[in-house]
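The values are calculated or read from the model by the stated rules, or taken from the named source; none is laboratory data. These figures come from a predicted structure and were not determined experimentally. Because the Cβ atoms are built from the backbone with ideal geometry, glycine has one as well, and the counts that use them run over all protein chains shown. Accessible surface areas use protein heavy atoms only, side chains included; no ligands, DNA or RNA. Shrake-Rupley method; radii C 1.70, N 1.55, O 1.52, S 1.80 Å.
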Amino acid sequence: AEVPVLTLDGPSGAGKGTVARLVSERLHWHLLDSGAIYRVLALSAERGGIAIDDVAALRGIACTMVVDFRLDERGKPQVLLDGDDVTNAIRSEACGKRASHVAVLSAVRGALLQCQRAFRRPPGLVADGRDMGTVVFPDALVKIYLTASVEERARRRYNQLIGQGIGDNLPAILKDIEARDVRDCTRAVSPLIPAPDAVVVDTTRKSVEAVVDMVLSQIRRRS
Ligand code: C5P
């Protein structure tokens with residue numbers, strides 16, 4: 001049988017990253033943070049002096065860059081670009097914004113498909129992003145679409161950045177998230193929408209534990 005996949009899609013700040021990590025730990029499944037791949041591509045382009053709309057050059061990087069995820073000594077997830085630790089560099093709002101610009105290009109998205117599907121390995125995969133259930137893993141075992149009010153999502157992103165020691169201001173984050181939502185939802189290729197067979201969950205007033213339990217019960221019901 002195919003390796004089971006759980007997809008967690010939704011807008012930024014909906015809680016996908018945290019829920020994906022906790023669920024993958026509980027199930028001992030692999031974890032794919034697909035947003036990190038778009039962020040790494042954006043960072044690599046910036047470092048290489050490549051314009052945000054240079055499709056051919058971006059596609060070239062997308063095909064050749066080596067992105068790795070691993071845990072550091074304290075069990076914290078790390079992201080590597082060609083062996084270089086870029087964990088903190090890719091978390092800035094500027095990098096997220098740049099990522100959402102390169103993500104509208106269909107040639108770029110196509111070039112990243114194989115790289116993302118390669119994470120599907122036994123015993124299972126938890127994949128978080130925007131199009132995991134609709135495009136990358138359409139045959140996923142369970143598809144979840146997480147949302148929350150834009151104010152709540154901005155607050156969460158703000159707290160996350162503060163926690164990482166990256167200062168930022170809340171009104172600016174709110175504006176950025178709204179602009180990013182518009183770009184992600186209205187783009188022609190792989191727009192952000194729930195898959196027809198996704199379970200939609202509003203996390204605005206739910207605790208992380210409640211969402212994790214709900215996701216685990218969906219998996220239990222389906223396997
Ligand atoms: O989730 P995160 O904020 O890290 O993603 C950064 C950007 O990458 C998103 O705003 C989106 O434009 C893009 N992205 C995407 N498809 C994915 C994951 C992320 O288009 N599967």
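Between the alpha-carbon centres of the range 195-218 and the range 119-140 there is a gap of 16 Å.
Taking all protein chains in place and a 1.4 Å probe, what share, in percent, of the accessible surface of the chain do carbon and sulfur account for? That share works out to 54 percent. If one puts a single equal scatterer on every Cα of the range 11-57 and applies the Debye formula without solvent, what log₁₀ I(q)/I(0) results at q = 0.22, 0.27, 0.28 Å⁻¹? Here the Debye-derived log intensity ratios amount to -0.79, -0.95, -0.99. Looking at the chain, the accessible area is 48 square angstrom per residue; that uses a 1.4 Å probe and ignores ligands, DNA and RNA. Shape summary of the chain, radius of gyration then Dmax from alpha carbon positions: 16.5, 49 Å. Here the Karplus curve 6.51 cos²θ - 1.76 cosθ + 1.60, taken at θ = phi - 60°, turns the phi angles of the range 143-159 into couplings of 10, 10, 10, 9, 10, 6, 4, 5, 5, 5, 5, 5, 4, 5, 5, 4, 4 Hz, with x standing for Gly and Pro. Estimated at 0.36 nm per residue, the fully extended path between GLN160 and ARG26 surpasses their Cα-Cα distance by 46.0 nm.
Note on the range 140-179: the C-alpha convex hull projects to 3.8 nm² when averaged across all orientations.
With both residues required to sit in the chain, DSSP beta bridges show an antiparallel share near 30%. The amide H of GLY13, built 1.01 Å from its N in the peptide plane, has no neighbour under 5 Å, considering only residues 5 or more places off or on other chains. When the P(r) of the range 139-205 is calculated, the portion above 13 Å amounts to 70% of the C-alpha pairs.
Each 5 Å bin from zero holds the following percent of Cα-Cα pairs in the range 169-223: 4, 14, 14, 17, 20, 16, 11, 3, 1. Using R0 = 30 Å, the C-beta based FRET efficiency linking ALA210 and VAL55 works out to 0.10. With N counted as the residues of the range 109-167, its alpha-carbon radius of gyration over 2.2 N^0.38 Å works out to 1.46. Pairwise Cα separations in the range 1-131 fall into 10 Å bins from 0 onward with the following percentages, short to long: 12, 44, 35, 8, 0.
Distances between placed amide hydrogens fall under 5 Å for LEU32 paired with VAL126, ALA127, ASP128, all partners being 5 or more residues away or on another chain. One chain, two ends: ARG117 and ARG222. Fully extended at 0.36 nm per residue, the span grows by 35.7 nm beyond their Cα-Cα distance. Legend: Rg and Dmax of the range 60-183, from Cα coordinates, 15.8, 43 Å. Taking amide H as placed 1.01 Å from N in the peptide plane, the amide H of SER149 sits under 5 Å from that of THR204, each at least 5 places away or on another chain.
Each residue of the range 197-209 was assigned a 3J(HN,Hα) from its phi angle through the Karplus expression (A = 6.51, B = -1.76, C = 1.60, θ = phi - 60°), giving 9, 8, 8, 8, 10, 8, 9, 3, 10, 10, 6, 4, 4 Hz with x at Gly and Pro. Sequence-ordered 3J(HN,Hα) estimates for the range 19-29 from the Karplus curve with 6.51, -1.76 and 1.60 and θ = phi - 60° stand at 5, 4, 5, 5, 5, 5, 5, 5, 8, 6, 9 Hz, glycine and proline given as x.
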